Amino acid sequence: MTRLSGAVRGVVTTLATLLAVTTASTTARADTGPKAPADFVTLRTVDRTILQEMRYFTPHNFVGERIDGYQQPLCILTRPAAQALHKAQTKLLRQGYTLKVYDCYRPQRAVNHFVRWAEDLDDQAMKGEFYPNVDKTRLFEDGYIAEKSGHSRGSTLDVTLVALPARPTRPYVPGEPLAPCFAPQQQRFPDNSVDMGTGYDCFDTLSHTLDPRIQGEQRANRLLLKSTLEELGFVNLAEEWWHYTFKPEPHPDTYFDFPVSVKSLTRAPESPAHSARP
């Protein structure tokens, strides 16, 4: 009896030890998600005057729902990119404008969400606004969707100009009638941005920054944004008037996957999710 009790106690002790180790391991794993390197900051800590309308935190985007990885409506950037954007904002405020960002750092999980959506040819809920003239089967071939994004490296942002004083923009109501993103400004979804000729994230060649069909005030607005940012080290993506990357990038070869959240910035940096050539 004593020998059996000792054996039982031994088994119980062993199980308790294993349970404690497993619990500690599980707790540690739950507590250590991907984190941002030390040189990532929220834009508001560098410039509180730049407007933020983080579209992928909302359902008003080409997918039609909040995108994976956007836990808070925050613009996160590498510090050099944020500081350069602050300098641009200082110049533009003197001219009666403010910058407004639609997207900044974008986690890889968000890009993966885009890819899944693009592969689901039956989901075309937002076609009427964001890609009226593009067949969804061509989104990869035409370059509108890709498996990697420069946004995930932390120095790319989507940005526009707003004339001061900035008027508020009403929220999008899921299911409301959609107007083409290239329609005249008064017919498009209301946005307090100056008229850039198309709305944000418009999958159309009219979104090409220097498309010759965009003239007059619309072209002048695009060129003001372009010249201001390029003077401070940003490079425009020719196919998207809103898309700019600060050069040189602090992380030119790394695609991060930490969530868009203040908590992602509160601890020491850890290993990135991906390292690859663009």
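Readers should treat all values here as calculations from the given coordinates under stated rules, not as data from a laboratory. Bear in mind the structure is a predicted one, so any value in this text is a computation, not a measurement. Don't worry about glycine lacking a Cβ; one is built from the backbone with ideal geometry, like all the others, and counts go over all protein chains shown.
Assorted remarks:
- Amide H contacts of PHE140 (H built 1.01 Å from N, in plane; Pro and chain starts excluded): ILE145 sit under 5 Å, all sequence-distant by 5 or more or on other chains.
- Whole-Hz couplings from phi, Karplus 6.51/-1.76/1.60, listed for region 82-93; x for Gly and Pro: 5, 5, 5, 5, 4, 5, 5, 4, 4, 5, 6, 4
- Extension gain from ARG48 to ASN112, taking 0.36 nm per residue of separation minus the Cα-Cα distance: 20.0 nm
- Theoretical FRET efficiency, 1/(1+(r/R0)^6), r = Cβ-Cβ of THR266 and ARG138, R0 41 Å, to 0.05: 0.45
- Global geometry of region 55-176, whether rounded, prolate or oblate, following the gyration tensor of its Cα atoms and the 1.5 cut on a/c: prolate
- Working note: Karplus 6.51/-1.76/1.60 with θ = phi - 60° gives region 37-44 the couplings x, 5, 8, 9, 9, 7, 4, 5 Hz, where Gly and Pro are set to x.
- Cα-projected label distance for GLN185 with GLU217, points at 7 Å along beta-carbon direction, nm: 0.5 nm
- Three-way shape call for region 134-207 based on the alpha-carbon gyration tensor, with the a/c threshold at 1.5: oblate
- Simple spin-label estimate for VAL235 and ALA146 gives 1.2 nm between the two label positions (7 Å along the Cα-to-Cβ direction from each Cα).
- Checked against a 23 Å cut-off, the cross-linked pairs LYS35/LYS87; LYS127/LYS226; LYS100/LYS226; LYS87/LYS148; LYS87/LYS247 give Cα-Cα distances beyond that limit for LYS35/LYS87; LYS127/LYS226; LYS87/LYS148.
- Qualifying aspartates and glutamates (Cα of each under 14 Å from Cα of LYS91; at least 8 residues distant if same chain): ASP47, GLU230, GLU231
- Remark: region 139-148, residue by residue, has Karplus-estimated 3J(HN,Hα) of 4, 6, 4, 8, x, 6, 10, 9, 7, 9 Hz, where x stands for each Gly or Pro and the curve is 6.51 cos²θ - 1.76 cosθ + 1.60 at θ = phi - 60°.
- Relative protection proxy for 34-47, 182-195, from highest mean packing down: 34-47, 182-195 (other beta-carbon atoms within 10 angstrom).
- Inter-part distance where region 160-181 and region 91-128 are each reduced to a Cα centre, Å: 14 Å
- Nonlocal amide H pairs with PHE189, under 5 Å, H built at 1.01 Å: ALA179
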